[in-house]
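The values are calculated or read from the model by the stated rules, or taken from the named source; none is laboratory data. As the structure is a computational prediction, the values presented were derived from the model and not from experiment. Note: ideal-geometry Cβ built from the backbone for every residue, glycine included; neighbour counts use all protein chains shown. With ligands, DNA and RNA removed, areas are computed over all heavy atoms of the protein, side chains included. Shrake-Rupley method; radii C 1.70, N 1.55, O 1.52, S 1.80 Å.
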Amino acid sequence: METLEFQSEARQLLRLMIHSVYSNKDTFLRELVSNASDALDKLRLETFRDKDLVADTSDLHVAVEVDREARTLTVRDNGIGMTRDEVIGLIGTIAKSGTAEFLQKLKESKDAASQDLIGQFGIGFYSSFMVADKVTLVTRHPRAEGVRWESTGEGTYTIEDVADAPQGTSVTLHLKPADPEDHLADYTSTAKITEIVKRYADFITWPIRLAKEDGAEPTTINSRKALWARPASEVTEDEYAEFYRHVSHDWNKPLETIRMHGEGVFEYQALLFIPSQAPLDLFMRERKRGVQLYVKRVFIMDDCEELMPEYLRFVKGVVDAQDLSLNVSRELLQQDRQIQLVRRRLVKKVLSTVKGLMADKPESYETFWREFGGAVKEGLLSDPDNRDAILDIASFASTADAGKPTTLAAYVERMKDDQQHVYYMTGDSRATVENSPHLEALRAKGFEVLILTDPIDEMWVDAVPGYRGKTFQSIAKGQVDLETEEEKARAQERQKDFADFLEWMSTTLTDRVKEVRLSSRLTTSPACVVGDAHDLTPTLEKMYRAMGQELPPVKRILELNPDHALITGLHKAFADRGGEDASLVESAELVHGLALLAEGGDLPDPSRFVRLLAEHLERTL
Ligand code: ADP
């Protein structure tokens, strides 16, 4: 026998369970039954794939056994079991992504909030320690010897080989005394067990058996009906919610439930859920997708990526296909035209469901977009076929309604009569965008501008040409044409006046800027920097550099406000003194620095800028 230590994150999680104030302790049984059911699915699948596997699949089931005298409760399955290494890896360690982050959040939160967090994380096997002070697990994998694991959940566990373990896994809980104050029911009561199983695990398709009295024959206590195969009118919201928990390991209620079926050449039924909260690992690379594939009620695989594109990875649920072989592999699925067709339908249905929420349940829609909008926008790049449908359900912060996101349809509705473009500006935060000089003229003229601050926004705006006939136009790139005919004529005059000056500025700043020109977008700032239509934006440039990409410095255009006293003053001084004047050259440099600072950018040489500015200020005193 060996005594091993739990990995430190596992230890923290266990401590949490032992001292849990979580009021819904009944849920431990759901976790154990759910694991048992998964183990049965896996064994059946394994025997399909590997004909040489020696295992008995004639009576796959879950058995719940109580011993009132010994105060133990055992959940037994004759499924896939675990090897010794698996027991150590799966039970002694927590490899779940996001664990560290989760524990950190827990530390920071108060008790009440931590309950939700525990629920969101899904605690699985460890929840046994909410109700038991010792847990014994005996398991055997068809290709390995049996193993016995035991722990009180405090720091260490023991593990030893056992000779005659039956196929599958049994988990025996040595129950804490019943204590209503601590939400601990009497879990040796078969009535209580039946109630919990009915409530949490009725839809599990494997039989769950329990002997109701001492010495009696065990009977099946769940109805075993696949939820997606029952008529929608007969399934209650609670049943959906329970099933959702089973497939998602998320204890919150789903935001929306979607049922679909397809008939004809390829028959399938689907039961999908949109969660109400994004998982902690939504933006982590290794995260899995949430749709399970069944064939004729038989579980085939988790995370069936052939059925749901990555940008909808948060959608959970089940697709049950009638006409696939039970032996179907991922490789075959990838090539299957029917599966591709089903996937297209599921995607359309999810997007149209969200669109329905916008109209019928605006609050649910807001939750949806807040939680998942960042992921959905990836689809603007990866799923061009559904671009319009995605744009239809998107919303964005805007200058129109402080803080409140707007849809594109609402933006278009508010557009001025002669407005051709949907104006937007990207940046790392709302504040940077709102304070940027680029916004001035648009704001002065009453144009609405979308404020795009998600990193993904930088990517899709370049790829998506427009929305319902209106093109997207960055206000920080290219020429923004906001002038009336009259203004244009005046601008041309000006251009002539300033021509020499602009040329001198361009030459003076040639190392730093591509061009110096007059601006029509500024009202109160003296100058701003803008990109050419196809230049990288400063945020993108930063992102690429942060990812370690080597980029040549991106030179941008300096625009001057010909109505600003600083610029007219500089223009006059240039006319009087000529371009050789050292102080003027420094002023040109300062104007460029101011423009960079105004958009929240970095100065090429901050200490030089500060010295020049101090000297110039000094001279004004
Ligand atoms: P989760 O079920 O959320 O993955 P658990 O802590 O409940 O987390 O279980 C961890 C892993 O241990 C499972 O993913 C599974 O691989 C394995 N496991 C748990 N219970 C059983 C069981 N009864 N039979 C076989 N494997 C099991």
- Which members of the range 412-471 meet the condition of being free of Cβ contacts under 8 Å to residues at least 24 places away in the same chain and of a type in the set (Asp, Glu)? 413, 417, 418, 462
- The condition of being more than 20 Å from the chain's Cα centre (by Cα) and at pLDDT 95 or above holds, among 356, 373, 379, only for 356
- Query: Out of all the residues in the range 12-38, which are away from the ligand (no atom under 11 Å from the Cβ) and of a type in the set (D, E, K, R)?
  - Reply: 15, 25, 26
- Message: Out of everything in the range 473-518 that is within 24 Å of residue 573 (Cβ to Cβ) and assigned to a loop (DSSP other than H, G, I, E, B), what residue ends up being nearest to the chain's Cα centre (by Cα)?
- Response: 512
- Among the residues of the range 85-121, count how many are of a type outside the set (Lys, Arg) and either within 11 Å of the ligand (Cβ to nearest atom) or modelled with pLDDT of 80 or more (or both). 12
- Task: Confirm whether residue 77 is open to solvent by 60 Å² or more (accessible area, probe 1.4 Å), more than 32 Å from the chain's Cα centre (by Cα) and closer than 17 Å to residue 167 by Cβ.
- Result: no
- Query: crowded, with 19+ Cβ neighbours inside 10 Å, within 17 Å of the chain's Cα centre (by Cα) and more than 16 Å from the ligand (Cβ to nearest atom), is that true of residue 291?
  - Reply: yes
- Item | Every residue from the range 248-265 that is part of a loop (DSSP other than H, G, I, E, B) and open to solvent by 20 Å² or more (accessible area, probe 1.4 Å) | 249, 251, 252, 253, 254, 255, 263, 264, 265
- Query: Would you pick out the residues in the range 122-159 that are more than 11 Å from the ligand (Cβ to nearest atom), open to solvent by 10 Å² or more (accessible area, probe 1.4 Å) and among the small types (Gly, Ala, Ser)?
  - Reply: 144, 155
- Message: So for the range 213-232 (the condition being within 22 Å of residue 2 (Cα to Cα) and touching a strand residue (DSSP E or B) at 6+ places or on another chain (Cβ under 6 Å)), does at least one residue qualify?
- Response: no
- Message: Among the residues of the range 53-70, what is the count of those that are open to solvent by 60 Å² or more (accessible area, probe 1.4 Å) and outside any loop (DSSP other than H, G, I, E, B)?
- Response: 2
- Task: Filter the range 64-83 down to residues that are among the hydrophobic types (A, V, I, L, M, F, W, C) and near the ligand (Cβ under 10 Å from one of its atoms), then give me how many there are.
- Result: 3
- (1) out of contact with any helix residue (DSSP H, G or I) (no Cβ under 8 Å at 6 or more places or on another chain); (2) part of a helix (DSSP H, G or I) all hold for residue 128 apart from (1)
- Task: Return the residue satisfying two criteria in turn: it lies in the range 173-186 and is open to solvent by 30 Å² or more (accessible area, probe 1.4 Å) and within 23 Å of residue 149 (Cα to Cα), and of such residues it is nearest to the ligand (Cβ to nearest atom).
- Result: 174
- Query: When residues of the range 208-248 are filtered for being among the hydrophobic types (A, V, I, L, M, F, W, C) and at positive phi, how many remain?
  - Reply: 0
- Identity of the residue in the range 20-52, of a type in the set (S, T, N, Q) and open to solvent by 20 Å² or more (accessible area, probe 1.4 Å), that ends up nearest to residue 143 (Cα to Cα): 47
